[in-house]
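Some notes on the structure that comes next.
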Amino acid sequence: MEFGSPIARGNTADIYICNDIIVKLFHEKSAPNEALREAKKQAFVYSCGINVPKVWGVRKMDNRQAIIMEYIQGKTLGQMYQEEIRSLDDILTLSVAVQQQIHYKKTVHSSGMERMKQKLERQIAAVDQLERSEKVHLMQLLDVLSEDASLCHGDYHFFNLIASNNRVTIIDWVDASIGNIGADVYRTYLLYSQFSLEIAEKYLFYYCKMSELKRKEIFQWAPIIAAARLSEGVTTENEQRLMEIIHDGKK
């Protein structure tokens, strides 16, 4: 299969269009069964009736793991914002409405989806920049926070939302888990604030306005989600910023 140039590059994989299908080709350093793990998550979400690309299969290509899935033609909401096709307020209110449709899905252990608490514990334990005492504090904080059974995307932002045919399709489910929506909302806030505090604050305003969730309930997750983000080693992220969020949460 001829790949050509990727249409997108991510922290874990490159995305290609081949014969009207999408090939998500994972980096060689990816953990074993990473593609299968993500494909199962996406297939489960698809079974819940949420708009996600249908997964056709998982295979090895050029000695790399790959997910073969449905191609959704359209523009991301992020592209629409950059090209000024829609206003920021319109895009954020639409994205919040779609995110809440995800959060309204309550699941059970038998779904096979990873529990958010276990995922966060693993990520905190893997952070090299934190002292053992700091990790213990974060684990204790995680223990007292409410553990829910809501479906959470884990990497939700408007570049992972494709608008086409009067519907929005959500992509990139590698970080999905079952847990507390406050944590998922703060994760989105953290991602937006990396590039624009204005977008982050507007997003948070609309989420709180369109739900019963309060800012305080969301921000109690700040140090934990910042530590989890730190474990990912994303080169575009500001490590000092994340450390400040973690330390501010101890005050």
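The values are calculated or read from the model by the stated rules, or taken from the named source; none is laboratory data. What you are looking at is a predicted structure, and each value in this text was computed from that prediction instead of being measured. Positions of Cβ are backbone-derived with ideal geometry, glycine not excepted, and every protein chain shown enters the neighbour counts. The accessibility values were calculated without ligands, DNA or RNA, using every heavy atom of the protein model including side chains. Shrake-Rupley method; radii C 1.70, N 1.55, O 1.52, S 1.80 Å.
Annotations for the structure displayed:
- Considering Arg167, Arg215, the condition of being closer than 26 Å to Ala8 by Cα and among the basic types (Lys, Arg) is satisfied by Arg167 alone.
To keep it simple, each residue is scored yes or no on (1) over 17 Å from the mean Cα position of the chain (by Cα); (2) in contact (Cβ under 8 Å) with a residue 24 or more places away in the chain.
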| position | (1), (2) |
| --- | --- |
| Asp20 | yes, yes |
| Pro32 | yes, no |
| Gln42 | no, yes |
| Cys48 | yes, yes |
| Trp56 | yes, yes |
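- Residue in the range 216-233 that is free of Cβ contacts under 8 Å to residues at least 12 places away in the same chain and more than 22 Å from Leu141 (Cα to Cα) present: yes
- Selection status of Gln99, among the polar types (S, T, N, Q), in a helix (DSSP H, G or I), under 15 Å from the mean Cα position of the chain (by Cα) and on the phi < 0 side of the Ramachandran plot: yes
- Glu212 open to solvent by 30 Å² or more (accessible area, probe 1.4 Å), outside any loop (DSSP other than H, G, I, E, B) and closer than 21 Å to Ser95 by Cα: no
- When Asp184 is tested against (1) in contact with a His (Cβ under 7 Å, 6 or more places away or on another chain); (2) over 29 Å from Phe26 (Cβ atoms); (3) among the acidic types (Asp, Glu), just one condition goes unmet, and that condition is (2).
- Considering residues of the range 142-156 that are touching a residue at least 12 places away in the same chain (Cβ under 8 Å) and open to solvent by 40 Å² or more (accessible area, probe 1.4 Å) only, the residue farthest from Ile224 (Cα to Cα): Asp148
- Scope the range 168-206; condition over 14 Å from the mean Cα position of the chain (by Cα), surrounded by fewer than 24 Cβ atoms within 10 Å (Cβ to Cβ), at pLDDT 95 or above and not polar (S, T, N, Q); matching residues: Val168, Leu197, Glu198, Ile199, Ala200, Glu201, Lys202, Leu204, Phe205, Tyr206
- Check on Leu92, within 18 Å of the chain's Cα centre (by Cα) and within 18 Å of Gln220 (Cα to Cα): no
- Filtered by the rule that a residue be of a type in the set (A, V, I, L, M, F, W, C) and touching a strand residue (DSSP E or B) at 6+ places or on another chain (Cβ under 7 Å), the range 114-162 gives Met116, Ala149, Leu151, Cys152, Phe158, Phe159, Leu161, Ile162.
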